[in-house]
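The values are calculated or read from the model by the stated rules, or taken from the named source; none is laboratory data. Model, not experiment: these values are computed from the prediction. Cβ atoms come from the backbone with ideal geometry, glycine included; neighbour counts cover every protein chain shown. What goes into the accessible areas is simple: the full protein's heavy atoms, side chains included, and nothing from ligands, DNA or RNA. Shrake-Rupley method; radii C 1.70, N 1.55, O 1.52, S 1.80 Å.
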Amino acid sequence: MSLSVTVVPTKPFKDQKPGTSGLRKKVPEFQQQHYTENFIQAVLDGGLSDRKNGAVLVVGGDGRFLCMEAANVIIKLAAANGVSRLIVGQNAFFSTPAVSALIRKGFEGRQIDGGIILTASHNPGGPRGDFGIKFNCDNGGPAPDGVTNRIYEITTKISEYRIVNDLQCDFTQIGRYEFNVEGRNFVVDVVDPVEDYVKLMQQIFDFDKIRQLLSGKLTGSRFKVLLDSMHGATGPYVSTILCDHLGAASEDMLRTVPKPDFGNGHPDPNLTYAKALVDRSKQGDHDFGAAFDGDGDRNMILGRNGFFVTPSDSLAVIADNIEAIPYFRNRRVSGFARSMPTAGAVDLVAKAKGMEIFETPTGWKYFGNLMDAGRMCLCGEESFGTGSDHIREKDGVWAMLAWLQILAERQTSVQNLVQMHWKKYGRNVFTRYDYENVDGSGANLLMNFMEAQMPAFIGRELSANNVKYTVASADNFQYKDPIDGSVATKQGLRFLFTDGSRFVFRLSGTGSAGATIRLYVDSYIPPGDSGRLFMDSQDLLKPLILVALDLSKMEQFTGRKAPTVIT
Ligand code: G16
């Protein structure tokens, strides 16, 4: 039977501008008539352009509420728009790293033109929670600004979309489904979302050695691992890798069943939202802990007794021990990179190793060009993202395995590894204050007020708790991509002090309601400063935080006396 295409008249929605990583909104917004269809039509036109006809795409998401419905819409629109083949994860499920890996690998010898990922990442899910749609390009990475701007432009002018209303595809069953759409062949391959990714991890890491670490064969005592998937997408990957391949105890793998509402939780692996893991870790029964976010690209690393590794330190420690990972042993290790608000611990490692280091705006999409050009192979962000050029997304499970591999090689504790790192390089103490869901106009006023004041502050002395800081420079961060020359402006207000400390104010680009102000603060403690090297980070940074809050008039502009989350 030949299926026919219907052209549906529609009107633009004004709010379909993708943020830091795709379009994220509350579920009811995506449920408005034509809302999802409009955006998908814009993604197919703007994301694929002249490659749309005959394109091959990967589709899947983190299992959150609306994923199945949205996948259905994508299948029907793709069929109507001349896409030739979709590779859909069973039940429309895929972690974000697994999508990136599959795009790069190709499918049955065919090149893949991109992917559509259904996720709002670390934001809560459920009928009143968040949903999101993100387009990834043929390199497996999130679409760069040029592409997302094109998609947005189309959403502002869209007048119709094309859909095959009668196409029904049961993507709960693995298999190949073929359809005839007005004489053209359209194929949906429903695949196991876990298998290929696990194989990739086996190629990157030495699973035997990690298994020996966990079983106690390496050191004489068992190494106990406690992981929290927070009911997000990593559950099936973690269970397969840790339990089936590495011999970890299944009772130590927490919340591994993906749920549409993440069990009513907030799947963001930080000290606030992954408190259950932190509390369990503090009981002292486990040598290592890690948590992952909704779509599996973020990670938080803990040592015994809840010892917290900041993402900036995690990146630097992996960089310093990169040869422990077989994937890097067999190839040229190019440069490292971090997002601007991430503390500069990795810069020191790059310097010691004589390698290039890049400072990019917030957003994984800014790393893609550097990796594609072979200039950089390892990068990370303070927002709990760590990854390498094995794919073009950050990768929570990869980061956890990288740590286990390094620990297997070094045969020491997480805390000792980090503290030895500080003794060698000094410590980049870091904290982030998040003021979530504040009134948008108050947040904009605060940012405008700060930016207007910046020039007057240069050279001035600021103090709190009897500690003095002199402003060396202040600017709104701007980045020129060294590969394609594109420029990203207004990426965060930076105040840099003469002692190397700094704070940064930025508005989040991933929220779905109101505004989120992020305040990033960091300071450098040299290796010789043994009095302060191991002190509590909040105590160390308190004076600088007070200066930042005072300078920004945070309470006046937002009405908030305290942040929602402190990391
Ligand atoms: C996304 C981006 C990250 C970025 C993070 C936070 O992560 O991929 O590169 O660091 O958002 O962005 P913001 O500070 O604008 O909220 P994810 O895990 O949400 O996809």
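A few remarks follow.
- Scope segment 109-153; condition open to solvent by 50 Å² or more (accessible area, probe 1.4 Å) and more than 15 Å from Gly368 (Cα to Cα); matching residues: Gly109, Arg110, Gln111, Pro127, Arg128, Asn149, Arg150, Tyr152, Glu153
- Those strands (runs of 3 or more DSSP E) lying entirely in segment 1-61 with at least 3 residues crowded, with 19+ Cβ neighbours inside 10 Å: 23-26, 56-61
- Answer from Ile154, Ile210 - the residue that is part of a helix (DSSP H, G or I) and either out of contact with any Gly (no Cβ under 7 Å at 6 or more places or on another chain) or polar (S, T, N, Q) (or both): Ile210
- Applying a threshold of 7 Å to beta carbon distances and a minimum spacing of six or more residues, or different chains, the list of pairs starting in segment 1-25 at a residue that is touching a residue at least 60 places away in the same chain (Cβ under 8 Å) and ending at one that is of a type in the set (Lys, Arg) and not in a strand (DSSP E or B) reads Pro12/Lys157.
- Under the condition of being under 19 Å from Gln168 (Cβ atoms) and in contact with a strand residue (DSSP E or B) (Cβ under 7 Å, 6 or more places away or on another chain), the residues counted in segment 58-79 number 13.
- Screening the candidates Val238, Val190 for the property of being closer than 28 Å to Ala78 by Cβ, touching a residue at least 12 places away in the same chain (Cβ under 8 Å) and open to solvent by less than 60 Å² (accessible area, probe 1.4 Å) yields one hit, Val190.
- All positions within segment 462-483 that are of a type in the set (D, E, K, R), modelled with pLDDT of 90 or more and either exposed (fewer than 14 other Cβ atoms within 10 Å of the Cβ) or part of a strand (DSSP E or B) (or both): Asp475, Lys480
- Scanning segment 89-134 for residues that are of a type in the set (Gly, Ala, Ser), touching a Gly at 6+ places or on another chain (Cβ under 9 Å) and in a loop (DSSP other than H, G, I, E, B) returns Ser95, Ala120, Ser121, Gly125.
- The residues on offer are Asn321, Asn330, and the sole one that is of a type in the set (S, T, N, Q), at pLDDT below 95, surrounded by fewer than 24 Cβ atoms within 10 Å (Cβ to Cβ) and out of contact with any strand residue (DSSP E or B) (no Cβ under 6 Å at 6 or more places or on another chain) is Asn330.
- Being surrounded by 18 or more Cβ atoms within 10 Å (Cβ to Cβ), under 30 Å from Met420 (Cβ atoms) and not charged (D, E, K, R) holds for only one residue in Phe497, Phe557, and it is Phe497.
- For segment 504-567, the helices (runs of 4 or more DSSP H) that sit wholly inside it and include 3 or more residues that are in contact with a helix residue (DSSP H, G or I) (Cβ under 8 Å, 6 or more places away or on another chain) and under 25 Å from Asn448 (Cα atoms) are 537-552, 554-558.
- Test result for Leu302, aliphatic (A, V, I, L, M), within 27 Å of Asp62 (Cβ to Cβ) and either away from the ligand (no atom under 16 Å from the Cβ) or under 22 Å from the mean Cα position of the chain (by Cα) (or both): yes
- Helices (runs of 4 or more DSSP H) wholly inside segment 329-448 that include at least 3 residues being more than 24 Å from the chain's Cα centre (by Cα): 345-353, 396-410, 414-425
- Segment 109-124, subset touching a residue at least 60 places away in the same chain (Cβ under 8 Å) and over 19 Å from Gly396 (Cα atoms), residue farthest from the ligand (Cβ to nearest atom): Asp113
- Considering residues of segment 354-382 that are away from the ligand (no atom under 16 Å from the Cβ) and in contact (Cβ under 8 Å) with a residue 12 or more places away in the chain only, the residue surrounded by the fewest Cβ atoms within 10 Å (Cβ to Cβ): Gly374
- Scoring Asn416 on the criteria (1) touching a residue at least 12 places away in the same chain (Cβ under 8 Å); (2) polar (S, T, N, Q); (3) open to solvent by 10 Å² or more (accessible area, probe 1.4 Å) leaves a single failure, condition (1).
- Number of residues in segment 484-494 that are open to solvent by 20 Å² or more (accessible area, probe 1.4 Å) and within 16 Å of the ligand (Cβ to nearest atom): the value is 4.
- Scan segment 337-350 for residues that are within 16 Å of the ligand (Cβ to nearest atom) and among the hydrophobic types (A, V, I, L, M, F, W, C) and the total you get is 4.
- Cβ-Cβ under 9 Å pairs, at least 6 apart or on other chains, segment 485-499 side free of Cβ contacts under 8 Å to residues at least 24 places away in the same chain, far side in a loop (DSSP other than H, G, I, E, B): Val487/Gln478; Val487/Asp481; Thr489/Phe477; Thr489/Gln478; Lys490/Phe477; Lys490/Gln478
- Residue ID - nearest to the ligand (Cβ to nearest atom), chosen from residues in segment 390-413 that are open to solvent by 10 Å² or more (accessible area, probe 1.4 Å) and in contact (Cβ under 8 Å) with a residue 40 or more places away in the chain: Lys394
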